[in-house]
Amino acid sequence: MGDTADEAVHTIATPEGPARVRVRTGPTAGRGTLLLSHGAGGLGDSADLAALARSLPRAGWVVGLVDQPWRVAGRRVASPPPRLDVAYVPVVRALRDEYGLPSPVVSAGRSAGARVVCRTAGAVGADAILALSFPLHPPGRPERSRYGELAGAVGLGLPVGVVQGERDAFGTPDELLAAGLEPSLLMVVRGAHSPNPSDVVSAVREFLDGRFPES
């Protein structure tokens, strides 16, 4: 990924098969851990996740790029949501218990991964939730709202941030607000469902610095 951060690759057993986590650590690691779960279309190398994996280690955060078992196995179609959750929970627990990644642990994901981290927030004991490009509904189908998943994470009382492209066909910022999201939880960035990576980095860093300031 073009920088000097160290990377370790861990394979973690789950009921859905092995998951893979690429853990990136900078020279001053210790502020906490940001876990990034990919969407339904690919590994953790989308432009915004890759930008976060480059930037955050330099700011003292350990970054874990989580590759779900279905992608590790080379399948092109994502597993159903309940199976995604079943796989994600043991991954986070193993990273905390076996590999000793520093707290706080911020559970983050983009698109389908954002839904996973919202649904599993309580089960994994996350200290905060970041939903990137939360897919509020399928494109053109606003009646099929998934807002309940996001509301469930908010209802836990954890710090929650939603980073949403201004023209996201899966749910615009205005649609999220109309569904009930508190404006203080929403960070609007340029672009659509794959938003401007530098804007995403700025928004995530603002969220982390505001909730977990450097001591």
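The values are calculated or read from the model by the stated rules, or taken from the named source; none is laboratory data. Quantities reported herein were computed from a predicted structural model and do not represent experimental measurements. With ideal geometry, Cβ positions are generated from the backbone for all residues, glycine too; neighbour counts draw on all protein chains shown.
Tabulated values for the structure
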| quantity | calculated |
| --- | --- |
| The stretch 131-151, subset of a type in the set (D, E, K, R) and out of contact with any helix residue (DSSP H, G or I) (no Cβ under 9 Å at 6 or more places or on another chain), residue nearest to residue 85 (Cα to Cα) | 144 |
| Pairs, first at positive phi in the stretch 27-42, second part of a strand (DSSP E or B) and modelled with pLDDT of 90 or more, C-beta under 8 Å, six or more apart | 32/61; 32/62; 32/105; 32/106 |
| From 189, 200, 154, residue being within 19 Å of residue 109 (Cβ to Cβ), touching a residue at least 40 places away in the same chain (Cβ under 8 Å) and in contact with a helix residue (DSSP H, G or I) (Cβ under 9 Å, 6 or more places away or on another chain) | 200 |
| Breaking point among (1) surrounded by 22 or more Cβ atoms within 10 Å (Cβ to Cβ); (2) among the aromatic types (Phe, Trp, Tyr); (3) not in a helix (DSSP H, G or I), for residue 88 | (3) |
| Residues that are assigned to a loop (DSSP other than H, G, I, E, B), over 23 Å from residue 210 (Cβ atoms) and in contact with a Lys or Arg (Cβ under 9 Å, 6 or more places away or on another chain), drawn from the stretch 140-169 | 146, 167 |
| Residues of the stretch 16-56 classified as within 15 Å of residue 201 (Cα to Cα), surrounded by fewer than 18 Cβ atoms within 10 Å (Cβ to Cβ) and of a type in the set (Gly, Ala, Ser), total | 2 |
| Answer from 78, 112 - the residue that is under 13 Å from the mean Cα position of the chain (by Cα), surrounded by fewer than 24 Cβ atoms within 10 Å (Cβ to Cβ), over 23 Å from residue 209 (Cβ atoms) and not aromatic (Phe, Trp, Tyr) | 112 |
| Condition met for residue 65 (buried (at least 19 other Cβ atoms within 10 Å of the Cβ), in a loop (DSSP other than H, G, I, E, B) and of a type outside the set (Asp, Glu)) | no |
| Flag for residue 161 being modelled with pLDDT under 95 and either within 22 Å of residue 86 (Cβ to Cβ) or surrounded by 22 or more Cβ atoms within 10 Å (Cβ to Cβ) (or both) | no |
| Which numbered condition residue 175 fails, given (1) part of a helix (DSSP H, G or I); (2) in contact (Cβ under 8 Å) with a residue 12 or more places away in the chain; (3) out of contact with any His (no Cβ under 9 Å at 6 or more places or on another chain) | (3) |
| Answer residue from the stretch 136-148, given it is in contact (Cβ under 8 Å) with a residue 24 or more places away in the chain and surrounded by fewer than 22 Cβ atoms within 10 Å (Cβ to Cβ) and is nearest to residue 184 (Cα to Cα) among those | 147 |
